[in-house]
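**Q** Structure incoming, see below.
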Amino acid sequence: MLLRQRHGDDKAVPSLTEREITMKYQFIISGLLLMAVSGTATAQKKPNILWVLTDDHRYDSIRAFNKIMTGEEMSPLGYVESPSTDKLAEMGTTFINTYCHAQGCAPSRASMHTGRYPHRSGIYEFEWFNNNVEHWKPSLPEQMEKLGYQTFHVGKLGFRIRSTRPNGQFGTYQVYQQDISFHRMFDENLTGWSKGKVKEINGIKLDEPTESNWFVTPEGKREYTGYQLNTIPGLENQSRMIDEKYDILRKYSKPNEKQPGYGEIIGGVSSQPYGKNRDGRYTTELVKFLGNPGKTLRVGSQTYTGVDPDKPLFANIGYDFPHTPVLPPKSFRDRFLKKEYKIPKVDKDEFGKLPKQLQGLIKKAASEHYSDEDKQQMVQDYYAFCAYGDALIGEGVEAFLNYSKKQNQPWMIIYVCGDHGWRLNEHGSIYKFAPWKTDALDPIIVVSSDRKKFPAGKVVTDMTEFVDIAPTCMAAGGANLAKPQYDYLDGFDLAQVTAGKVERDYIIGESHAVTGPRATIRTQDYMFSIKSRPKNKMGGKDMKWAMTASFKDLEPVLYDMKRDPDELNNLAFNPEYQDIALKMKNKLLNIVIGDNRVEVNWNSSGSGTEIFRSNFAPEADDKKLKL
């Protein structure tokens, strides 16, 4: 394959220049687009759909998005590289104001797969859940299967569903007909990095299983690192040696706690060359699936069957990049280490204006104490990882378009820039889980062989949200969304948004993970967010707490996005903004607390079925808010 030859082994193939990479992608993808539409695909055929989803992905890592938002290709922090995604934006329609509903992987992915807000599905954080509850509806891939599609997933899923099995036992449940598990790739040393408890290291047997990370060399050798290993005789220098080998930067809360194996990996170099780490493996399996119709295929111990040309395809590739561990391959990392970045400065007045919830989040992931060198590496490696992932996306898109062209089938690509974002010292911290734009803005690109529905190069500035993904796919697959069976969907078909047929004054969300229960409402001009429940996992208790809590106890934040686009100056208690704050508060609470709220006592295995509802303000979510 042309792209595989271009990168190949990091040691054997020199990195191409930015211009060469861009020209190469433009040539390949433009040519494929022309070929894909040159055949006369009949109107009766349903389009093949490729859904590309990344993880912890900042919108400013994409030049096309920066150009739309600021007029400049580079991030405000500095150099970024995204030729594949830039070309998708040129080929299709960009929904630049798309926001996630929950700034954590699992709840965000649940909103995409269910097409429902967290307060309607009852999925608020990383809990396991089940489809036995009475309010459950089929997930997106299950709906696509009902529409006649074959469904395929490879990579990270994060949709934590369980169910009753045919034998009556309760356990895992597969929503895609074929699902290539990333967990088993980790277990089988197929991804270059993994973690877990180990019993023996370098011939030394441990007294008890010990938590460790390990890197896998190209030769298949495991190299262990972990904070606990430092206390084991004979392994005192193991972590330090391996962390130094891969230039590992770990999250640390204080300078004197900067120890090997202590925190999450936020910088370093992959032990594997281009295409051989976890994300590269996902791309390889997608390409194999598309290139070997009907054949029995294998990855590690997993067996699956190549694509069925007689059915339309709904395929989802869930990339891990740039989620921790941030480990770009050397060919990309070397280029980015030469770049110097502008690290976001901390507004000293911001912290004191924040409520306890958000102050607590900043304290958990504070980054101001990092050295200047560590801050640079953190940003360099993050953007290098994003650029690497962008190259892999180009390979996946190429294979998908080639397959659709060969089968003379219409097609659609939905690219989602992250299940949420990531901070790189904004607000004095790293991480996610907050309602700020850095954490929540995740633009979508839709590219289609039907240029009338999704025109090339079009930018939609209307507010959109992750619950729009399911109805967009289902409508493309032939579903009549006007039918009562689809009333549960909280979003809109993005083709209708593109055509100007959707009026929406705001978008909403509610996230409980790490930060604690917090609901948010956004308009084009303002962001308002409050504490929605007294604490996590209330299971129906004090359901209406927020309706009677004082404004102060709701821990509000309000930002004027036109005057303060970086969301630094909390105006919630500013007298000049009280009317706006109260209108947004009342609207938000009536929706997330009073318009068919669902809470479920999911237990640790996800088998709970006890449901609690609150519906004192039905149809409050009318998409209208005049301020």
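The values are calculated or read from the model by the stated rules, or taken from the named source; none is laboratory data. The model shown is predicted, which means the values in this text are computed figures rather than measured ones. Backbone-built Cβ (ideal geometry, glycine too); neighbour counts: all protein chains shown.
**Q** Assuming Glu503 fulfils every condition listed in (1) part of a loop (DSSP other than H, G, I, E, B); (2) without any contact (Cβ under 8 Å) to a residue 60 or more places away in the chain apart from one, which condition is it?
**A** Every condition holds for Glu503 apart from (2).
**Q** Surrounded by 18 or more Cβ atoms within 10 Å (Cβ to Cβ) and part of a loop (DSSP other than H, G, I, E, B), is that true of Leu489?
**A** Yes, satisfied.
**Q** Report yes if Thr472 is assigned by TED's automatic domain parsing to the domain that holds Gly92, of a type in the set (S, T, N, Q) and buried (at least 19 other Cβ atoms within 10 Å of the Cβ), otherwise no.
**A** It is true that Thr472 is assigned by TED's automatic domain parsing to the domain that holds Gly92, of a type in the set (S, T, N, Q) and buried (at least 19 other Cβ atoms within 10 Å of the Cβ).
**Q** What pairs come out if I take residues in the range 336-364 that are over 18 Å from Met74 (Cα atoms) and pair them with residues that are modelled with pLDDT under 95 whose C-beta lies under 7 Å away, six or more apart or interchain?
**A** From the range 336-364, the pairs are Val346/Glu368.
**Q** Okay, next question. Given the criterion part of a helix (DSSP H, G or I), in the same structural domain as Tyr383 (by TED's automatic domain parsing), at pLDDT 95 or above and closer than 19 Å to Asn189 by Cα, identify the matching residue among Asp320, Asp334, Asp279.
**A** The match here is Asp279.
**Q** Then there is this: Inspect the range 542-551 for any residue being assigned to a loop (DSSP other than H, G, I, E, B), of a type in the set (A, V, I, L, M) and surrounded by 16 or more Cβ atoms within 10 Å (Cβ to Cβ) and give the result as yes or no.
**A** Taking every residue of the range 542-551 in turn, at least one turns out to be assigned to a loop (DSSP other than H, G, I, E, B), of a type in the set (A, V, I, L, M) and surrounded by 16 or more Cβ atoms within 10 Å (Cβ to Cβ).
**Q** To continue, here is another question. Return the residues of the range 175-211 that are touching a residue at least 40 places away in the same chain (Cβ under 8 Å) and among the hydrophobic types (A, V, I, L, M, F, W, C); say none if nothing qualifies.
**A** Val175, Ile180, Phe182, Met185, Phe186, Leu190, Trp193
**Q** Exactly one of (1) crowded, with 20+ Cβ neighbours inside 10 Å; (2) touching a strand residue (DSSP E or B) at 6+ places or on another chain (Cβ under 9 Å); (3) not in a loop (DSSP other than H, G, I, E, B) is unmet by Asp374. Its number?
**A** The one condition Asp374 does not meet is (1).
**Q** Another question, if that's okay. Listed residues Asp525, Asp566, Asp579; which is surrounded by 14 or more Cβ atoms within 10 Å (Cβ to Cβ) and of a type in the set (D, E, K, R)?
**A** The match here is Asp566.
**Q** Mind listing just one residue for me: the one in the range 98-148 that is surrounded by 23 or more Cβ atoms within 10 Å (Cβ to Cβ) and of a type in the set (Phe, Trp, Tyr) and, of those, farthest from Ala434 (Cα to Cα)?
**A** The qualifying residue farthest from Ala434 (Cα to Cα) is Phe129.
**Q** Please tell me if Ser239 is touching a residue at least 12 places away in the same chain (Cβ under 8 Å) and in a helix (DSSP H, G or I).
**A** yes
**Q** Of the residues that make up the range 456-469, is at least one farther than 24 Å from Asn590 by Cβ, in the same structural domain as Asp320 (by TED's automatic domain parsing), touching a Ser or Thr at 6+ places or on another chain (Cβ under 7 Å) and not basic (Lys, Arg)?
**A** Yes.
**Q** Would you be able to tell me the number of residues in the range 498-545 that are aliphatic (A, V, I, L, M) and on the phi > 0 side of the Ramachandran plot?
**A** Count: 1.
**Q** Another question about this same structure. Anything in the range 143-172 that is of a type in the set (S, T, N, Q), under 19 Å from Ala110 (Cα atoms) and modelled with pLDDT of 95 or more? List them, or say none.
**A** Gln143, Thr151
**Q** Could you grab me the full set of residues in the range 552-585 that are closer than 30 Å to Phe126 by Cβ and outside any loop (DSSP other than H, G, I, E, B)?
**A** Val557, Leu558, Tyr559, Met584, Lys585
**Q** Okay, moving on. Tally time: how many residues in the range 74-125 are among the hydrophobic types (A, V, I, L, M, F, W, C), within 14 Å of the chain's Cα centre (by Cα) and not in a helix (DSSP H, G or I)?
**A** Looking only at that region, the number is 2.
**Q** Tell me, which residue of the range 294-317 that is assigned to a loop (DSSP other than H, G, I, E, B) and among the charged types (D, E, K, R) is farthest from Gln150 (Cα to Cα)?
**A** Lys295
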